[in-house]
Amino acid sequence: MIRVQIVVEGSTEEAVLKALLVAPLAERGVFLSPMRVLRGGGARGGGSSWQPWEKHLLHLLKQDASPDVRVGTFLDLYRVPKDVPGFDATKLGGARADGILAALRTRVSDGRFVPYLQLHEIEALLFTDLSALTQVEPDVFPTKGVAALAAAVAGVPPEAINDRYETAPSRRLKASFPAFDKVEHGSAAAARIGLAAIRNACPRFDHWVSTLEALSAT
């Protein structure tokens, strides 16, 4: 049995990972526990600095030294803290994320550390099949509006939808559907889309899930 504690930015990541990954990974003997990053004063989630993340990660690794424990991150590359190790403003997309991941593995020198960055936000996963939103709540996500948003990103893989302020995945969704709730609608739509379809459309996410699945053999 492998226990994996994943530190995430906020409630959306926590809810979506629970909806998508907890049950299928548990079937493999990998028990995933997403948790929001702990900040000062007991607050959880978000923040513009990397320091609370590092403090929380190191605490989890020190708290349980068992070889059956893994500690990781689920960071959105969009608006990642600029003081995160390896951040390079001259690099874009996967190149920037890979540089950060390499630096994090060096910084947190524990073989049980399994960091991950999502391109560009967790909401990008929903672009695998936007029609799932209509199935979740037709009044909020009318078929015509969903089709228009899908057409606007046609031919662009979900993880390639860019990270500019106006066009990041979450902002595209909110602009098209003002009542969009990232936590409630995001997790419900992700569950309807299904893990297999999301993995097929999002290779970076798929690789991370494969890494988690492989822990069952360690």
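The values are calculated or read from the model by the stated rules, or taken from the named source; none is laboratory data. Predicted, not measured: the structure shown is a model, and the values here were computed from it. Don't worry about glycine lacking a Cβ; one is built from the backbone with ideal geometry, like all the others, and counts go over all protein chains shown. Just so you know, the surface numbers come from the protein's heavy atoms only, side chains and all, with ligands and any DNA or RNA stripped out. Shrake-Rupley method; radii C 1.70, N 1.55, O 1.52, S 1.80 Å.
Suppose R0 equals 45 Å; then what is the FRET efficiency for ASP68 and LYS144 from their Cβ-Cβ distance, rounded to the nearest 0.05?
So, using R0 = 45 Å, E works out to roughly 0.35.
Within region 118-152, which residues have the backbone N less than 20 Å from the label spot 7 Å out from GLU213 along Cα→beta-carbon, could you tell me?
Residues passing the 20 Å test: 118-119, 125-126, 128-129.
Tell me the label-point distance for the pair ALA152, SER49, using the 7 Å Cα-to-Cβ offset, in nm and rounded to one decimal.
3.6 nm
Residue-wise, which Karplus ³J(HN,Hα) couplings in Hz belong to region 80-90, taking 6.51 cos²θ - 1.76 cosθ + 1.60, θ = phi - 60°, and x for glycine or proline?
These are the phi-based 3J(HN,Hα) values: 4, x, 5, 8, 5, x, x, 5, 9, 5, 7 Hz.
Would you compute, from DSSP H runs of 4+ residues alone, the mean residue ellipticity of the chain at 222 nm, taking -39500 (n - 2.57) per run and dividing by the full residue count, rounded to the nearest 500?
That calculation yields -12000 deg cm²/dmol at 222 nm.
Just the C-alpha atoms of the chain: what Rg/Rh do they give, with Rh taken as the Kirkwood radius?
Rounded to two decimals, Rg over Rh is 0.96.
Using DSSP loop states and a limit of at most 12 other Cβ atoms within 10 Å to flag GluC sites (Glu not before Pro), what is the longest stretch of the chain containing no flagged site?
No qualifying site falls inside 28-165, the longest such stretch.
Would you mind checking which residues have amide H under 5 Å from VAL4's amide H? H placed 1.01 Å from N; only 5 or more apart, or other chain.
The list, which skips near neighbours in sequence, is PHE31, LEU32, SER33, ARG70.
Quick one: if you stick a label point 7 Å off each Cα along the C-beta vector at HIS59 and VAL22, how many nm between them?
2.1 nm
Identify which of VAL30, VAL22, VAL71 has the largest mean-square fluctuation in a Gaussian network model of the chain, with springs joining Cα atoms closer than 10 Å.
VAL22
Angle, helix 93-107 long axis vs. longest principal axis of the chain, Cα atoms, 0 to 90°, nearest 10?
20 degrees
Within the accessible area of region 48-147, what % is carbon and sulfur when the probe is 1.4 Å and the other protein chains stay in place?
The computed percentage sits at 52.
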